[in-house]
Structures are given as structure tokens and as C-alpha cells.
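These notes are about the structure you will find just below.
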């Protein structure tokens with residue numbers, strides 16, 4: 001009996017704001033495995049802002065996602081069939097199977113993970129790409145010294161929550177920026193940041209100023225736009241800005257930076273980066289992050305959509321900040 | 001008989017565009033030297049864009065120039081009287097005496113220079129602060145590899161001319177941006193750049209694209225504004241931008257950066273810097289630059305205003321790009 005796979009394809013490129021009409025759910029029969037191949041039943045699908053960039057057909061760091069192909073994405077799941085000696089049925093693996101229920105792979109993109117102390121879903125969050133992103137930007141770009149102030153936008157999210165908690169562990173004042181009182185409360189009370197500014201509160205600059213009495217030495221930028229303008233105006237001399245995401249610009253409209261001269265007058269370092277280009281740090285970062293999660297010293301939160309068919313709506317909601325912590329889709 | 005000094009003071013802060021009314025020429029009697037002091041007859045006064053920033057009373061890297069005090073500035077001249085054993089009459093010195101005919105100093109800011117092979121005025125240009133600025137931004141921030149493309153704005157100026165010539169010596173394609181056909185011709189024919197784009201030509205982006213067929217790996221920014229926007233759009237992945245000057249913003253109106261998301265998508269490094277904060281590189285840089293000038297391997301050009309009274313107009317002209325090469329005032 002042929003098994004059926006369900007997949008979500010990119011059906012069309014967004015004109016401006018992305019919508020559910022840009023996606024299409026299809027059912028596809030699963031072909032028998034070839035020698036060397038592994039079949040994974042995906043349990044969790046990661047939804048990440050970078051995917052929005054791939055939907056466009058424009059010059060970016062990533063090749064555009066082809067039309068009518070499975071949406072790219074990180075996944076975790078369980079090996080259900082294997083003709084590859086490196087993997088056995090029952091292995092829990094992390095991979096890049098994309099938005100589909102079953103992934104078929106030659107194994108080169110799969111890593112077996114240990115779920116004894118770290119839940120499988122965390123390998124898509126604090127012990128996965130988002131965690132390493134935060135680790136890299138904080139440790140390799142911001143490189144904070146104890147006593148400095150580190151600000152991170154999208155602070156309750158998968159990346160931001162790691163940045164602030166690691167900054168606190170490094171002896172810094174950690175200040176988050178997040179959307180809404182509930183997220184801000186979580187950032188301070190559950191993640192342990194020193195302060196959190198609600199960018200929806202209508203007083204972004206004044207609130208940020210109050211939360212950063214000694215200015216800002218390091219800024220981890222996940223958002224761009226008005227939040228970047230406000231934080232730039234609070235930067236101390238020789239500050240460092242790790243530029244990781246600019247959601248505000250993903251829908252195509254350019255979002256100018258209002259006061260670029262501050263980069264000069266404050267002698268700032270601004271560094272854009274993509275964590276997948278720094279594979280050398282992944283082993284160290286994942287070891288540290290895995291240990292912290294296993295010891296419950298690194299908190300994180302997940303928003304879970306149920307079922308593959310709900311992935312597009314969950315993805316679009318995440319781009320609007322409707323998620324709370326790491327956005328996942330639970331497939332089984 | 002008491003000697004008279006002539007000085008130019010900052011009389012008022014500009015409201016928007018600076019004008020000659022912001023300056024005042026005064027005559028002041030010279031007091032007799034105290035023990036340890038040195039008197040220098042200034043021969044050359046350096047005019048530099050950073051002085052415009054000092055005229056404002058705003059947050060910047062430099063303390064604002066106080067009102068009714070002598071305009072700050074680099075100078076070279078000859079010791080005419082000395083009660084300091086480290087200096088003797090006739091010594092040629094570089095200092096920071098500012099916009100005045102005589103400087104009086106305890107000697108701590110003075111350096112004796114050798115004018116056998118390097119003209120005295122060059123110590124305010126390629127073998128002085130502008131030269132070290134170009135050296136630092138190119139070698140320590142852009143750090144170009146042979147075969148890469150380096151672009152510099154204000155390419156015919158004191159800093160830009162050094163950047164491009166050093167980039168050529170490092171095996172790079174050097175592309176200048178300058179205002180007007182005459183400056184562009186000079187940049188290519190006399191300074192040896194591979195190409196130069198006239199930003200007044202009306203086709204900045206298209207002309208820059210034609211001049212940088214392989215994109216841009218390093219950019220030395222002296223200007224900001226539209227020139228920065230255009231070059232940013234030509235940057236290759238992992239490009240480096242040394243942000244040294246933003247003349248376009250000095251008159252107070254903020255000049256936004258149109259496409260900051262390119263810093264992320266191209267994973268760029270942007271570093272603002274002030275060369276006076278990197279004194280550790282000055283000896284090496286000055287040694288290299290002095291040798292190149294002495295061997296006539298580093299070309300430079302000067303625009304000379306005659307007489308202290310013409311310093312304000314020359315300064316304002318320089319801010320509008322009316323100078324050609326290093327802007328100096330000849331005092332004797």
C-alpha cells in the first residue's frame with residue numbers, strides 16, 4: 001500500500017504582503033526508498049522569518065524558493081524507514097525537510113539528537129538555529145563586557161529570548177523590546193531581563209531611554225524600522241549592532257534608517273550576519289545551549305499550531321508578531 | 001614691542017547652513033612666553049570637514065567648539081621662540097594651533113618634522129591626519145584582498161586620494177566618486193584609479209554599476225546621502241564599509257539611509273571611526289605614507305587660500321566641494 005505525503009508548496013510570490021493564497025496543500029504518494037535513503041516522519045516544523053525573504057524573487061542572501069516546490073524549513077522527527085546504515089528506525093533527528101509530513105533524505109542533512117533532557121521541539125528553538133543565531137550575534141559581534149547594556153528586539157521570540165538570557169549570564173544589563181504588555185511581562189518575569197519596552201506603547205524612544213539609563217553598548221536587531229531608529233539614538237560610543245533580521249522590510253516596502261550619521265558620530269560597528277554561514281561555531285554554541293536547556297537555566301516559550309494545513313496561517317501570524325516565543329507546527 | 005596675533009573665532013553657531021557670519025577675525029597682543037612654552041609662526045592651516053561638526057552644539061564625538069574661542073585646527077609652522085629645551089628656533093613643527101597666525105604651546109601637541117623630502121604642507125595632508133585616516137579605514141576596516149573592488153567617495157580629496165592609491169597598491173580595482181568631470185579626470189589620470197564616477201552627472205547608480213562590474217567589496221565613505229545609498233546597492237556579500245565622513249548631514253538636516261536591509265542581506269560590516277582614537281597606528285601609517293610621498297609614489301593635490309582672513313570662505317567652499325584636493329590656508 002502506497003503511503004501518502006502531505007506537503008505545502010509555494011504557489012505564487014507575494015505582491016507586497018504575503019497571504020495564505022501564496023501557498024497550496026497537496027497530497028503526494030511516497031515513492032519507495034532508494035538505497036542510502038532515510039524516511040523521517042516529521043513531528044515539528046519550524047516557522048522562521050527568513051522564509052518570508054525566500055518567497056520573493058529578489059537579490060538576497062538566499063536563493064529564492066522555487067515556485068511549486070515544498071516550502072523550505074527546519075524540522076525534527078523520527079526515522080520511520082532507513083536504507084542508510086547511519087540511521088535506524090526510531091532515531092530522533094533534526095533536518096531540513098520543509099513543510100511536509102514526511103521527509104526523504106540521503107541523510108546528509110540529518111543529525112541524530114538526544115531527547116533525554118532536551119525536548120525534540122527545542123532543537124528547532126534554543127538548541128537549534130534560533131539559539132545559535134542569538135549565541136553568535138551576542139558572543140561574536142556584540143561581545144559584551146560585564147556591566148554593559150545589551151538591548152534586543154523581538155525579545156520574547158526564539159532568538160531574542162536567548163540573547164537576553166545569555167547577556168544576563170555575561171553580567172550585562174539586558175533590556176528587551178517586545179510588542180504588548182503580556183510579552184514584556186514575560187520577558188522580565190520569566191526570562192529575567194532587567195527591563196522590557198513595549199514598542200506598541202506609543203512612547204518607544206522615551207521608554208527605551210528610561211530603560212537604558214547608561215545608554216546602549218550592544219544591540220541585537222531582529223526587527224528594523226522604528227525600533228532600530230530608536231535604539232540607534234541610544235547607542236554609546238563604540239557600540240556594536242548585530243543585524244540579524246529586518247521583518248519590517250520583508251514585505252517589499254523599503255524602510256529607511258533615519259539617522260545613519262549616528263554610526264559615524266558614535267563610531268559604531270554594524271554587522272549583518274546569517275548564522276548558517278558560520279558553521280564553525282555551531283558545535284560550541286549547541287553544546288552550551290543544550291546544557292543550559294537541560295539544566296533548565298535557559299527558559300523558552302513555544303507557540304504551537306496543530307497540523308500541516310495550519311502552517312501558512314501560523315507563518316503569516318508570526319510575521320505580524322502574533323506568536324509568543326518560537327512558532328512551531330506540530331505534525332503528529 | 002608687543003607683537004600682534006591675528007585669530008579667527010567662532011562667533012556664533014550655524015542655524016542650518018554655516019556662513020562667514022559665524023566667524024570673527026580679531027587682533028590680539030601676544031603675551032611673553034612662560035618657561036617651557038614654545039611660539040610657532042604658523043605657515044599652513046588645515047581645513048577639514050570635521051570642523052563643521054564642532055561648530056554645532058550637539059551630541060557628537062567631539063566636544064563642541066566653544067564660542068568666542070579660536071577655531072580648532074591642525075597647523076604646520078616654524079618655531080620662532082622657545083623656552084622649552086625640546087624645541088629650538090627654526091624647527092619645523094606640526095601642531096594643533098587652530099585658525100591663527102601664532103600658536104603658543106607647552107610643546108605637548110607639537111611634533112618636529114623633516115622637510116627634506118616631504119613638503120611642510122604635506123604633513124597636513126597625505127602625511128598627516130587625512131592620510132592616516134585613509135590608511136586606517138582601508139587597512140584596518142576594509143582590509144582589501146588583491147582583486148577586490150574598492151570604492152571611495154570624495155575621491156579627489158585629501159583622504160579619498162590616499163584610499164584609492166593605497167587600494168591600487170594592494171592590487172585592487174580602485175573606483176572613485178567625485179563631483180565634476182575635472183575631478184574625475186584627475187582621479188583617473190593623475191591618481192591612477194581604474195575609474196571615477198561623477199556624482200553630478202545625473203546617473204549616479206548606473207554609472208557606478210558600469211564602473212564596478214564585479215560589485216563592490218570595500219567602500220570608504222566620506223560623504224553619505226545619495227552616494228552612500230547608491231554604493232550600498234552595489235555591495236557584494238561580506239563587503240566592508242569604513243564610515244569616515246557624512247558631510248551631507250553636517251548642516252543639521254537628517255539624511256536617511258534608504259535601504260538599510262542591504263546590510264543584512266549582504267552581511268555587510270559597517271564601521272564608523274575617528275582616526276584620532278587610533279593613535280597606535282599613526283607611527284606605522286605615517287612612516288609608510290611619508291616614504292611614499294618622498295618617493296613620489298603617492299600623488300596629492302592642494303587648494304590653497306592665501307591669508308588667515310580668507311579661511312572662513314575657504315572652509316565653507318570646501319564643505320560644498322569647491323576645493324580640489326586638500327584645502328589649506330597659507331599664512332606666510
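Since every read-out is calculated from the coordinates, none of them should be taken as a lab result. Please read these numbers as outputs of a predicted model, since none were measured by experiment. Cβ atoms come from the backbone with ideal geometry, glycine included; neighbour counts cover every protein chain shown.
Sorting A:301, A:267 by the number of Cβ atoms found within 10 Å of their own Cβ, with the fewest placed first, yields A:301, A:267.
Here the relative contact order of region A:129-276, from alpha carbon pairs under 8 Å that lie six or more residues apart, stands at 22 percent.
Averaging the Cα positions of each part gives two centres, and for region B:264-282 and region B:3-34 these lie 34 Å apart.
Between copies, residue A:116 shows label-point distances of 7.5 nm, shortest first, with the point placed 7 angstrom from Cα along Cα to C-beta. By other beta-carbon atoms within 10 Å, ranking A:168, A:145 with the fewest at the front produces A:145, A:168. With label points defined 7 Å past Cα in the direction of Cβ, position residue A:69 shows copy-to-copy spacings of 6.4 nm, given to one decimal and shortest first.
Inter-chain neighbour count for B:237-243: the average number of beta-carbon atoms from partner chains within 10 Å of each residue's beta-carbon is 3.
With the alpha-carbon atoms of the protein assembly as shown aligned to their principal axes, the span from lowest to highest coordinate is 111, 51, 41 Å, starting with the largest. Taken residue by residue and averaged, Cβ atoms of other chains lying within 10 Å of the Cβ of B:266-278 number 5. By its C-alpha gyration tensor, with a ≥ b ≥ c as the square roots of the eigenvalues, how is chain A shaped: rounded for a/c under 1.5, else prolate for a/b larger than b/c, else oblate? Prolate is the answer for chain A, as a/c is 1.5 or above and a/b outweighs b/c. Taking Cα atoms only, the orientation of helix A:282-294 departs from the longest principal axis of chain A by about 90 degrees. A label point on residue A:4, set 7 Å along the Cα-to-Cβ line, lies at 10.2 nm from each of its counterparts in the other copies, closest listed first. For the pair region A:100-153 and region A:199-241, the centres of their Cα atoms are 25 angstrom apart. Sorted fewest first by neighbouring Cβ atoms within 10 angstrom, A:330, A:88, A:183 come out as A:88, A:330, A:183. Counting only other chain Cβ atoms within 10 Å of each residue's Cβ, the peptide B:253-259 averages 5.
Compared with the dominant Cα axis of chain A, that is its longest principal axis, helix A:160-169 is turned about 60°. Using the rule -39500 (n - 2.57) for each DSSP H run of four or more residues, divided by the residues of the protein assembly as shown, the 222 nm mean residue ellipticity is -6000 deg cm²/dmol.
Note on region A:129-276: along the principal axes its Cα atoms extend 35, 33, 31 Å, ordered by decreasing extent. Its relative contact order, with pairs defined as Cα atoms under 8 Å and 6+ residues apart, puts chain B at 17 percent.
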